[in-house]
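Chemist: Can you keep this structure in mind? I'll have questions shortly.
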Amino acid sequence: MAITQPPELPKSMFAWRKHRGNPEPVWEEVPVPEAPPTGVVVKLLASGVCRSDHSLLTLEKQAAWFQDKWTLGHEGCGKIVRFGSEVKNTQFKIGDVVALHSVPGCGDEQTCPECSRNLAQICETGHHSGIGQDGYYAPYAAIDVRGLVAVPEGVTPAEAAVATDAVQTAYHAIVRRAEVNPTETVFLFGLGGLGFNALQIVRHIGARIIVCDVKQARLDEAAKIGLPKEDIVPIGKSPVEFVEERGLKIDTVLDFCGTHQTFDDAQYIVRRGGKILCVGSIDAENTVHMKIGTRKRLTFIFTYGGQHGDLAEVLQLIKEGVIRPQVIPGKLEDFPRVLRDLEEGKIEGRVALLHDE
């Protein structure tokens with residue numbers, strides 16, 4: 001179909017940026033991006049805030065593609081305002097609201113070591129929005145059409161934005177990597193921004209799930225959506241003792257915290273032949289107990305992000321009410337305060353920064 005372009009866009013905009021060597025976000029005027037030949041420019045409607053933004057700001061030892069200066073923000077939802085010159089046949093049109101996959105890969109499905117194996121989210125060649133290269137804490141962003149997923153009717157921009165990481169990552173981890181099935185008993189550490197979505201995903205699958213968190217408010221939220229009291233570890237109770245006292249056989253542990261304690265407990269509570277899914281990384285290094293791992297014949301599974309199809313599926317589950325992301329609205333100018341509050345544990349769920357339309 002013919003693609004008509006809208007009136008001229010602004011020449012510049014203000015964005016939250018990372019400068020190499022500076023651990024604080026910089027509010028900086030930058031040019032509005034041009035549409036890539038095979039991509040689009042979107043006007044952002046919502047941008048999700050993630051704990052990993054703190055790591056991206058403070059850790060200087062990063063991957064080779066990281067630029068000296070770049071726009072933060074890897075969770076986004078926006079409205080298409082311009083197409084690239086080589087976009088000819090597409091299901092999208094100007095004005096469509098789309099969720100933005102931050103790492104859609106390079107698109108070379110023949111020779112790329114990752115994209116050829118349907119692992120675009122760990123491709124090192126393609127653009128990484130908000131992860132070392134320009135992302136979504138700005139009024140406008142550019143992205144290849146491979147990274148666009150239509151937002152279904154009834155899903156808000158805020159929900160769509162956080163779905164691109166906080167929901168998609170949990171979904172990919174549980175469904176694709178751990179392959180949780182309805183016959184399993186699952187133990188979940190952490191009901192934060194990703195973990196609460198993980199709880200809903202496992203319940204949708206039909207598996208029994210036991211949850212543990214350090215905050216009573218989060219456990220209360222789990223009870224509100226129907227989790228039985230006997231499947232909630234009381235505050236202060238040792239997960240190891242809880243599992244032993246009830247004679248539970250834990251098939252899969254979902255560690256959405258990644259602390260020394262949760263990773264250690266996971267190895268003790270999982271049954272022989274069980275799986276430990278590592279999602280959270282609050283502590284950058286943890287210890288594998290080799291004797292436990294070998295004697296139990298454990299499987300340790302790591303995961304990262306998700307795939308284009310995962311994002312489409314989770315958006316549909318949000319539309320159907322199967323997953324209800326906990327989203328708190330904010331404003332783009334509030335980003336430093338929101339990130340600080342998130343790091344200090346003052347925020348439950350996820351924050352989506354809303355943009356002026």
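The values are calculated or read from the model by the stated rules, or taken from the named source; none is laboratory data. Being a predicted model, the structure only gives us computed values, none of them experimental. Note that we place each Cβ from the backbone using ideal geometry, even for glycine, and neighbour counts take in every protein chain shown.
Chemist: Quick one: in segment 66-87, of everything that is closer than 23 Å to Val155 by Cβ and in contact with an Asp or Glu (Cβ under 6 Å, 6 or more places away or on another chain), which residue is surrounded by the fewest Cβ atoms within 10 Å (Cβ to Cβ)?
Modeler: Here the residue is Ile80.
Chemist: Restricting attention to segment 88-97, and to residues there that are touching a helix residue (DSSP H, G or I) at 6+ places or on another chain (Cβ under 8 Å) and either at pLDDT 95 or above or crowded, with 23+ Cβ neighbours inside 10 Å (or both), which single residue is nearest to Val32 (Cα to Cα)? Please lay out each step first, then the result.
Modeler: If we filter segment 88-97 for residues that are touching a helix residue (DSSP H, G or I) at 6+ places or on another chain (Cβ under 8 Å), which is where we start, we get 90, 92, 97.
Those still in the list that are either at pLDDT 95 or above or crowded, with 23+ Cβ neighbours inside 10 Å (or both) too: 92, 97.
On the way: Phe92: 21, Val97: 19 Å.
Filtering segment 88-97 for residues that are touching a helix residue (DSSP H, G or I) at 6+ places or on another chain (Cβ under 8 Å) and either at pLDDT 95 or above or crowded, with 23+ Cβ neighbours inside 10 Å (or both), the one nearest to Val32 (Cα to Cα) comes out as Val97.
Chemist: Of all residues in segment 316-333, which are loosely packed, with under 13 Cβ neighbours inside 10 Å and touching a His at 6+ places or on another chain (Cβ under 6 Å)?
Modeler: Selection gives nothing.
Chemist: Can you tell me which of Glu153, Glu109, Glu114 is touching a Ser or Thr at 6+ places or on another chain (Cβ under 6 Å) and of a type in the set (D, E, K, R)?
Modeler: On the way: Glu153 fails: touching a Ser or Thr at 6+ places or on another chain (Cβ under 6 Å); Glu114 fails: touching a Ser or Thr at 6+ places or on another chain (Cβ under 6 Å).
Only one candidate qualifies: Glu109.
Chemist: Just to be sure I understand the filter: pairs with C-beta atoms under 9 Å, separated by 6 or more residues or on different chains, first member in segment 256-282 and over 18 Å from Phe242 (Cα atoms), second member in a helix (DSSP H, G or I) and modelled with pLDDT under 95. Which pairs pass?
Modeler: Within 9 Å, the pairs are Ser281/Ser52; Ser281/Ser55.
Chemist: Report whether or not Tyr171 is hydroxyl-bearing (Ser, Thr, Tyr), touching a residue at least 12 places away in the same chain (Cβ under 8 Å) and in contact with a Phe, Trp or Tyr (Cβ under 8 Å, 6 or more places away or on another chain). Break it down into steps so the answer makes sense when it comes.
Modeler: On the way: hydroxyl-bearing (Ser, Thr, Tyr): yes; touching a residue at least 12 places away in the same chain (Cβ under 8 Å): yes; in contact with a Phe, Trp or Tyr (Cβ under 8 Å, 6 or more places away or on another chain): no.
Judged against the criteria, Tyr171 is not a match.
Chemist: Out of the residues in segment 310-330 that are in a strand (DSSP E or B) and out of contact with any Asp or Glu (no Cβ under 9 Å at 6 or more places or on another chain), which is nearest to Glu24 (Cα to Cα)? Steps first, please.
Modeler: Residues of segment 310-330 that are in a strand (DSSP E or B), as a first pass: 327-330.
From what is left, the residues that are out of contact with any Asp or Glu (no Cβ under 9 Å at 6 or more places or on another chain) are 329-330.
Details: Pro329: 22, Gly330: 19 Å.
Among those that are in a strand (DSSP E or B) and out of contact with any Asp or Glu (no Cβ under 9 Å at 6 or more places or on another chain), it is Gly330.
Chemist: Now a separate question. Run down Glu124, Glu153 and say which single residue is touching a residue at least 60 places away in the same chain (Cβ under 8 Å) and either within 30 Å of Arg324 (Cβ to Cβ) or assigned to a strand (DSSP E or B) (or both).
Modeler: Details: Glu124 fails: either within 30 Å of Arg324 (Cβ to Cβ) or assigned to a strand (DSSP E or B) (or both).
Going through Glu124, Glu153 in turn, the sole match is Glu153.
Chemist: Separate question: Please state which of the following conditions Ile122 fails to meet, knowing it meets all the rest: (1) within 17 Å of Glu34 (Cα to Cα); (2) surrounded by fewer than 24 Cβ atoms within 10 Å (Cβ to Cβ).
Modeler: (1)
Chemist: Given the criterion buried (at least 20 other Cβ atoms within 10 Å of the Cβ), part of a strand (DSSP E or B) and not β-branched (Val, Ile, Thr), identify the matching residue among Ala352, Ala266. Full working, then the answer.
Modeler: Numbers: Ala266 fails: part of a strand (DSSP E or B).
The conditions single out Ala352.
Chemist: Show the residue pairs meeting these rules: Cβ distance below 7 Å; 6+ apart or different chains; first residue within segment 335-357 and in the same structural domain as Trp27 (by TED's automatic domain parsing) and of a type in the set (Lys, Arg); second residue surrounded by 12 or more Cβ atoms within 10 Å (Cβ to Cβ) and modelled with pLDDT under 90.
Modeler: The qualifying pairs are Arg350/Gly193.
Chemist: Also: If you check Lys93 against the conditions, is it of a type in the set (D, E, K, R), assigned by TED's automatic domain parsing to the domain that holds Cys123 and out of contact with any Lys or Arg (no Cβ under 8 Å at 6 or more places or on another chain)?
Modeler: On the way: of a type in the set (D, E, K, R): yes; assigned by TED's automatic domain parsing to the domain that holds Cys123: yes; out of contact with any Lys or Arg (no Cβ under 8 Å at 6 or more places or on another chain): yes.
Yes: the conditions hold for Lys93.
Chemist: Something else: Could you figure out which of (1) at pLDDT 95 or above; (2) not in a helix (DSSP H, G or I); (3) not assigned by TED's automatic domain parsing to the domain that holds Glu114 isn't true of Ser281?
Modeler: Ser281 satisfies all of (1) at pLDDT 95 or above; (2) not in a helix (DSSP H, G or I); (3) not assigned by TED's automatic domain parsing to the domain that holds Glu114 except (1).
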